[in-house]
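The values are calculated or read from the model by the stated rules, or taken from the named source; none is laboratory data. Everything numeric in this text was worked out from a predicted model, so none of it was measured. When we count neighbours, we look across all protein chains shown, and the Cβ atoms used for this are built from the backbone with ideal geometry, even at glycine.
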Amino acid sequence: MNRSMITATNTMTQLQKQLDNIGHNLANINTNGYKKRDVQFSELLFQQFNNNQSQADAVGRLTPAGIRQGVGAKLGQTSLNLTQGSIQQTDRPLDLAFTKEGQFLQVLVEDNGIQVPSLTRDGALYLSPLNNGTNQVSLVTSEGHPVLDSDGELIVFLDQFKDLTISTDGRITVTGQDGQTQNFELSVVQVNKPQLLEAKGNNLFGLPNFAALGLEENEVMMQLVGQARAEIGITQGALEQSNVDMASEMSELMLTQRSYQFNAKSISLADQMMGLVNGIR
């Protein structure tokens, strides 16, 4: 097979992955707290042909001597972009928006029958009644996942309350009909190495196996408790929007499509050239 056909084929498969990533970003442009993923390309192995060694001593030469023939490009990595999204006011008491980058709400998600902690930036919260014969409700996400407090417990209180406030440092105050108050602290973590988070779908991120990676938990994320709660940035009655920029994603989409078409055209031309060579008598 022609070398140029191999190079173009390798690159096209990687460009398809970039198109899939762009499509995923655009599909979540209206998802609360969604963080887009950026892609970086790197060069595959290349072969060096030192066909004219005298060029290496040429005066003023800035490029390496010889010819480097590669075999295409690959998708080096996809990185999670944690830049802050815009804040939209909703005036709904159970809505909250993070105003600082890298902070996540800790929720409980069932995975194969096991309840495991997960992270999310989606601050659209709701109240779910407990099926235990009481008038209590628990704080959950829009998907029904329980929200955890700073002790790793569910946030539960009576459903008949007069007021609910969420402070900027993530403290919830529930005022009952009798004027008595209950206080809770949302479990908020600061992620230091976002690339280690595992995407679980539905705007959730799972925690990695720290032991398998040879890392301590505090190297990847830090629980914001005690005095560290002053670093939390939360706004009540608002939601953080996706950080996907439509204009930049569409520009990337057009560039990627053009690159894909260019490589497809090179395969077609290489095939025509091979047909001409084979047709020579």
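Could you list, in sequence order, all residues of the stretch 4-42 that are within 14 Å of GLN77 (Cα to Cα) and outside any helix (DSSP H, G or I)?
LYS36, ARG37, ASP38, VAL39, GLN40, PHE41, SER42
Please go through (1) at pLDDT below 75; (2) out of contact with any helix residue (DSSP H, G or I) (no Cβ under 6 Å at 6 or more places or on another chain); (3) not hydroxyl-bearing (Ser, Thr, Tyr) for ASP95 and return the number of the only condition it doesn't satisfy.
Condition (1) is where ASP95 drops out.
Exactly one of (1) under 19 Å from the mean Cα position of the chain (by Cα); (2) crowded, with 18+ Cβ neighbours inside 10 Å is unmet by SER187. Its number?
Unmet condition: (1).
What are the pairs, 6+ residues apart or on separate chains, where a residue within the stretch 243-269 that is touching a residue at least 24 places away in the same chain (Cβ under 8 Å) has its Cβ under 7 Å from a residue that is of a type in the set (Lys, Arg) and surrounded by 13 or more Cβ atoms within 10 Å (Cβ to Cβ)?
ASN243/LYS35; ASN243/LYS36; VAL244/LYS36
Inspect the stretch 197-215 for any residue being assigned by TED's automatic domain parsing to the domain that holds LYS162, aromatic (Phe, Trp, Tyr) and modelled with pLDDT of 90 or more and give the result as yes or no. Let's see the steps before the verdict.
First pass over the stretch 197-215, keeping only residues assigned by TED's automatic domain parsing to the domain that holds LYS162: 197-215.
This time we only want the ones that are aromatic (Phe, Trp, Tyr), so: 205, 210.
With the extra rule that they be modelled with pLDDT of 90 or more, the set shrinks to 205.
Yes, the stretch 197-215 contains at least one residue that is assigned by TED's automatic domain parsing to the domain that holds LYS162, aromatic (Phe, Trp, Tyr) and modelled with pLDDT of 90 or more.
Residue under question is GLN48, and the condition is that it be over 12 Å from the mean Cα position of the chain (by Cα), farther than 20 Å from VAL191 by Cα, in a strand (DSSP E or B) and at pLDDT below 90; does it hold?
On the way: over 12 Å from the mean Cα position of the chain (by Cα): yes; farther than 20 Å from VAL191 by Cα: yes; in a strand (DSSP E or B): yes; at pLDDT below 90: yes.
The answer is yes for GLN48.
Residue-wise test of (1) modelled with pLDDT of 95 or more; (2) surrounded by fewer than 12 Cβ atoms within 10 Å (Cβ to Cβ); (3) in a strand (DSSP E or B).
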residue	(1), (2), (3)
ASP122	no, no, no
SER128	no, no, yes
THR134	no, yes, no
VAL137	no, no, yes
GLU143	no, no, no
ASP151	no, yes, no
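Does GLN160 satisfy the criteria of being loosely packed, with under 14 Cβ neighbours inside 10 Å and free of Cβ contacts under 8 Å to residues at least 40 places away in the same chain? Write out each step before concluding.
On the way: loosely packed, with under 14 Cβ neighbours inside 10 Å: yes; free of Cβ contacts under 8 Å to residues at least 40 places away in the same chain: yes.
Spelling it out, GLN160 is indeed loosely packed, with under 14 Cβ neighbours inside 10 Å and free of Cβ contacts under 8 Å to residues at least 40 places away in the same chain.
GLN77 is checked against (1) under 18 Å from VAL191 (Cβ atoms); (2) in a strand (DSSP E or B); (3) modelled with pLDDT of 90 or more and fails just one. What number does that condition carry?
Of the numbered conditions (1) under 18 Å from VAL191 (Cβ atoms); (2) in a strand (DSSP E or B); (3) modelled with pLDDT of 90 or more, the odd one out for GLN77 is (3).
When you scan the stretch 214-222, do you find a residue that is surrounded by fewer than 18 Cβ atoms within 10 Å (Cβ to Cβ) and of a type in the set (A, V, I, L, M, F, W, C), even just one? Full working, then the answer.
Step one: list which residues in the stretch 214-222 are surrounded by fewer than 18 Cβ atoms within 10 Å (Cβ to Cβ), which gives 214-219, 222.
Within this subset, residues satisfying the condition of being of a type in the set (A, V, I, L, M, F, W, C) are 215, 222.
Yes, that holds for at least one residue.
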